[in-house]
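In what follows, a structure is listed as structure tokens, so that the remarks can point back to it.
Bear in mind these aren't lab numbers, they're just calculated from the coordinates by the rules spelled out. What you are looking at is a predicted structure, and each value in this text was computed from that prediction instead of being measured. All Cβ positions, glycine included, derive from the backbone under ideal geometry; neighbour counts span all protein chains shown.
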Amino acid sequence: MATIELQNVVKIYGAKVKKNSKEIPKGKRAVDDVSFQIPSGSFTILVGPSGCGKTTLLRMIAGLEDITMGVVKIGEIDITNLEPGDRGIAMVFQNYALYPHMTVRENIEFGLVNARIPKFEIKERVSEALKIVGLEDYQERKPANLSGGQRQRVALARAISKTPQCFLMDEPLSNLDAKLRSEMRTELIQLHQKLMSTFIYVTHDQIEAMTMGDNIVVMNEGKIMQQGTPSEIHNDPNCVFVAKFIGDPGMNIIKVDEKYSIGFRPRDVQFDSEKNEKEDAVFVKTKILSFENHGSEFLYLVNFDTTTAFVKELSKHNRKVSSEISFSILKKDMYIFDENDNRVYDQEKIEEAYGTFKTHWENV
Ligand SMILES: Nc1ncnc2c1ncn2[C@@H]1O[C@H](COP(=O)(O)OP(=O)(O)O)[C@@H](O)[C@H]1O
Ligand SMILES: [Mg+2]
């Protein structure tokens, strides 16, 4: 196993790249100067909104798409120009890409026969892969006679049989219904633990990202916004985009003035708090615009000066739409962002933004 490394990777669809030319091709960058490392053995999630370049990036790692500029390495080896079959990588697609006229077993065997693996070894590998995904009793069936979840498992077994160093998966669960999707998530986490290989998993679903990955790469408009563990991404976002994208719902962002915005998570508010002048907090009294019952908690949309915010409360109260609600936001639960939507870490600036916010809000 080895670390996968991307160095200044760019993709411009349709760009003609002249060999050994320093000329930078023009055009829209589907992937825009991306550099990061994928730790060996990690369950890495590439997450971001639709169209941000996730599939393009994954296909470049797989070798299914030309790299316009930049380098992809596995360990010390530059694989930028290697054929897909020589990269030690297996890809699982959203639509499974199974051959309809072949049985489950034949679908898995096919790639191995092409790779000129000896017959006895193919038999062994296919049986092992079928066992891992629990499809031993289905090997003579055709894809048409399988459920969506079973087809997904065949696609997984096919990838497993190639014994790759790295599995690439592009939204593999998006065609499954909610219940099956959540079961398959658990299975994939277990599969990762069993195989100990590197997984790179693409999704637009931040919940999937947060629950499955140990290393999350957040993308937007072809760029990497932040990389970290789920708790780093959630608790320490480096920009407004990540703060709003992660969470259900994401962070509230309130503009303070020309320079700053403050953010707070819907759950990071204190209810039933009397206004306390001594505490480092901003006291908010406002109205409920709408609410959702989430079982163990309620999610309220409330007025927030000229905008709105979400707050979450354990569901012991029976609050009504249009009724008053008050809470305070502790200073320590606030995140400050600058005019370019980047996180502010400078203590003096944090104080300045907090001061302006508190003064303004308490005079609303
Ligand atoms: N084959 C292609 N030719 C031209 N543009 C493409 C092609 N595939 C994707 N794109 C464009 O590249 C951008 C990134 O697409 P994609 O990688 O599919 O994003 P994601 O997987 O995050 O939804 C989008 O603007 C998309 O329209
Ligand atoms: Mg995609």
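Quick notes on this structure:
- Highest mean packing comes first when the peptides 47-58, 129-140 are listed by Cβ atoms within 10 Å, giving 47-58, 129-140.
- Peptides ranked, highest mean first, by Cβ atoms within 10 Å: ranges 344-351, 11-18: 11-18, 344-351
- Structure-based [θ]222 nm, the chain - -39500 (n - 2.57) summed over DSSP H runs of at least 4, per residue, nearest 500: -8500 deg cm²/dmol
- Partners of LYS349 within straight-line reach, counting lysines whose Cα lies under 19 Å from its Cα and excluding those fewer than 8 residues away in the same chain: LYS255, LYS259, LYS331, LYS332, LYS358.
- Inter-part distance where the stretch 239-253 and the stretch 74-130 are each reduced to a Cα centre, Å: 39 Å
- Residue among SER231, THR163, LEU57 farthest towards the positive dipole end of the stretch 4-235, charges placed on Cβ: LEU57
- Contact order normalised by residue count of the stretch 4-235, Cα under 8 Å, 6+ apart, percent: 29 percent
- For the chain, the Kirkwood radius over C-alpha pairs fed into Stokes-Einstein at 10 °C and 1.306 mPa s yields D = 68 µm² per second.
- A simple packing score, the average count of other Cβ atoms within 10 Å per residue, orders the peptides 32-41, 84-93, 286-295 as 84-93, 32-41, 286-295, with the highest score first.
- Derived scalar couplings between HN and Hα for the stretch 282-298 equal 10, 8, 10, 10, 8, 10, 7, 8, 6, 8, 10, 8, 9, x, 7, 8, 10 Hz in order, rounded to whole Hz, by the Karplus curve 6.51 cos²θ - 1.76 cosθ + 1.60 (θ = phi - 60°), x for Gly and Pro.
- Counting every other Cβ atom within 10 Å of each residue's Cβ, LEU188, LEU173 order from fewest to most as LEU188, LEU173.
- Among residues other than GLU140 with Cβ under 13 Å from its Cβ, the summed charge is -1 (Lys and Arg +1, Asp and Glu -1).
- Taking 29 Å as the straight-line reach from the Cα of LYS28, the lysines in range (excluding those fewer than 8 positions away in the same chain) are LYS11, LYS16, LYS18, LYS19, LYS54, LYS73, LYS223, LYS244.
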